[in-house]
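Enquirer: Once you've had a glance at the structure underneath, I'll fire off some questions.
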Amino acid sequence: MDAQPDPAPEPGTGLDRRAELSEFLRTRRARLKPEDVGLPDFGRHRRVPGLRREELAQLAGVSVAYYTRLEQGNGRNVSAEVLDSIARALRLTDAEHAHLTHLAKPKQHKKKPAAPTQQVRGALRQLLDSIDGVPAYIVGRRSDILAWNRMAAALFGDWAELPAQERNWARLVFLNPASRELFVEWDQKQADMVSFLRMDAGCHPDDPRLSALVGELSLKSEDFRRLWARHDVKEKSHGVKRLRHPLVGDLTLSFETFHMADDAQQSLITYHAEPGSPSAEALRLLASWGRDATHAGRTAPQA
């Protein structure tokens, strides 16, 4: 039977950290096969997908009862050493290991009133404007698009034409049909977007705006519900994206992510083409059009 999607959180509430921890561990355990970790496989006699709890506990060097309590969402008093052992047994990536730590050992902060909007420093806006020929933008919490330059508007669409609350990558990916035409590896783009949100949710499970966004997307997008149930996490770093722009055609662009030293919740994303490539020529053409490229090829996306 396929895994059932997690129930959408109610607007204005945070995500259930205990449930998040429980489902994350369960899904990571289910993806491991006995032969992956050097254990015998009893084939048809196995009644659960992946490893059994007792097998995972043995690999991690903890008692079955201890691991069971943790997988039931009780991360109270768990040590960093035990989490490291479980992460190794589950073969977690660095991002998954960090996510597990956030869920099991949340930092205690005094609750502060949430700021109405995230603010981008004036110097960063000037930096964006000075980056010529390279699409660049700043993304914040919950995949909110906070600021961008002329080339980003030419490549992705002029986000200034959207209401502020709609300038959000998750909304554009799952609720805006035009995005499907832009990204060639559409399934991967969707999966990445959900993984980024999951990572954010692990760091900030009490964020009511994030839970409201997840709830809305869960109600409106079957694809989002399916991917959210997988509990995959990922940090955006660098890679290659293939795009299909209505004005200049196909582009293959490398992206880089630069985290702000004074604000870990904001990142600068840049896209560039290999020098002398057709994609570099396409970017030069877009630069000559500027924001007019959006209107020449298509209207701005409306979520």
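Enquirer: Please list V240, V78, V184 in order of solvent-accessible area, largest first, computed with a 1.4 Å probe with all protein chains present.
Expert: On the way: V240 90, V78 5, V184 45 Å².
The most accessible residue leads, giving V240, V184, V78.
Enquirer: Separation between the D223 and R121 pseudo-spin-labels, each 7 Å from Cα along Cα→Cβ, expressed in nm?
Expert: 3.6
Enquirer: Compare the peptides 252-265, 210-223 by average per-residue count of other Cβ atoms within 10 angstrom and give them in order, highest first.
Expert: Per-residue Cβ counts within 10 Å, averaged per peptide and sorted highest first, yield 210-223, 252-265.
Enquirer: What shape does region 150-204 take by its C-alpha gyration tensor, where a ≥ b ≥ c are the square roots of the eigenvalues and a/c under 1.5 counts as rounded, a/b above b/c as prolate, and the rest as oblate? Please list the in-between numbers first.
Expert: Working: a/c = 2.08, a/b = 1.32, b/c = 1.58.
The shape class here is oblate.
Enquirer: Given a Förster distance of 30 Å, report the FRET efficiency between S277 and K105 from their Cβ-Cβ distance, rounded to the nearest 0.05.
Expert: Once rounded, the FRET efficiency stands at 0.05.
Enquirer: To the nearest 0.05, what FRET efficiency results for E181 and Q72 with a Förster distance of 41 Å applied to their C-beta separation?
Expert: Using R0 = 41 Å, I get an efficiency of 0.40.
Enquirer: Right, here's the next one. Please give the per residue accessible area of region 196-295, computed with a probe of 1.4 Å over protein heavy atoms only, in Å².
Expert: I get 49 Å² per residue for region 196-295.
Enquirer: Turning to a different aspect of this structure: Sort 66-74, 19-27 by packing, meaning the average of other beta carbons within 10 Å per residue, with the highest value first. Present the calculation step by step, with values, prior to reporting the outcome.
Expert: Details: 66-74: 17.7, 19-27: 20.0.
Ranked from most to least packed, the peptides come out as 19-27, 66-74.
Enquirer: Could you work out how far apart the two model spin labels at Q265 and L39 are, taking each label as a point 7 Å from the Cα in the direction of the beta carbon, and quote it in nm?
Expert: About 4.0 nm, to one decimal.
Enquirer: Which value in nm describes the separation of the simple spin-label points at R18 and I131, placed 7 Å from the Cα toward the beta carbon?
Expert: Going from the R18 label point to the I131 one covers 4.3 nm.
Enquirer: Carbon-plus-sulfur fraction of the accessible area of region 112-242, 1.4 Å probe, in percent?
Expert: Percent of accessible area from carbon and sulfur atoms in region 112-242: 50.
Enquirer: Sequence-distant or interchain residues sharing an amide H contact under 5 Å with N168, placed H: which?
Expert: Distant-sequence amide H within range of N168: I145.
The values are calculated or read from the model by the stated rules, or taken from the named source; none is laboratory data. Just so it is clear, the model here is predicted, and its values are computed rather than measured. Heads up, the Cβs are rebuilt from the backbone with ideal geometry, glycines too, and the neighbour counts pull from every protein chain shown. These area figures cover heavy atoms from the full protein model, side chains too; ligands, DNA and RNA do not enter into them. Shrake-Rupley method; radii C 1.70, N 1.55, O 1.52, S 1.80 Å.
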